[in-house]
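Derivation of every value follows stated rules applied to the coordinates shown; laboratory data play no part. Predicted, not measured: the structure shown is a model, and the values here were computed from it. We place every Cβ from the backbone using ideal geometry, glycine too, and count neighbours over all the protein chains shown.
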Ligand code: HEC
C-alpha cells in the first residue's frame, strides 16, 4: 500500500511538474481519480481478458504473465506464439515492456497482440504490477 501511494505520488508529481502549487496534494490521501489508476485494477481491465497471472490457470488468448519480467520473450512452454514472437531472443525488462505496450508490432514485427496503450502513466502502472508477479 505504501509503495502504491509512493507510485501515485510520483506519477502525479510528473503530471503536475509544471504546476508547483499543486504539489502539496501529494502528501494527502489518494484522490478517487488516483484510485482508478490502481495497478491491479488497470491490469484486470486491460490485460486479464487475455493474460493470467499464475502458472496454473489455463492460458487465455495470450501467455501467462507470471514472472514475465526477466523472462525470455516468446518462450513460455505450452503457449502457441506467433512465429515472430517465438523467434525473439531478448528478455523482458521495463524498457521492452514499455515499448511493447505502446506498440507490440514495433518491438516484434509480426507479433499478434491486439493491444496498444498510448498513455505513459498507465503503462508505468501496469509494468509495476508485472514486476510484482514473482
Ligand atoms: C486481446 C488480447 C490481449 C490483450 C488485451 C493483451 N494481450 Fe498481451 N498478448 C496477447 C497475445 C495473443 C500475445 C502473444 C503474441 C504473439 O504470439 O505474437 C501476447 C503477449 C504478451 C507478452 C509477451 C509474453 C511472452 O511470453 O513473451 C506480454 C509481456 C504481454 N502480452 C503483456 C500484456 C499486458 C501487460 C497487457 C495489458 C496492458 C496485455 N498484454 C494485453 C494478447 C493480449
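Taking every C-alpha pair closer than 8 Å and separated by at least 6 residues, the mean separation divided by the residue count of the range 28-134 gives a relative contact order of 27 percent.
Quick one: order 39, 83 by neighbouring beta-carbon count within 10 Å, fewest to most. Could the numbers behind the result be given before it?
Details: 39 21, 83 10.
Lowest to highest Cβ neighbour count: 83, 39.
Computed from the C-beta positions of residue 132 and residue 80 and an R0 of 30 Å, the FRET efficiency is 0.65 to the nearest 0.05. Applying 0.36 nm per residue to the separation of residue 41 and residue 102 and subtracting their alpha-carbon distance, the gain on full extension is 20.1 nm.
Can you sort 42, 133, 101 so the residue with the fewest Cβ neighbours within 10 Å comes first?
The order, fewest Cβ neighbours first, is 133, 42, 101.
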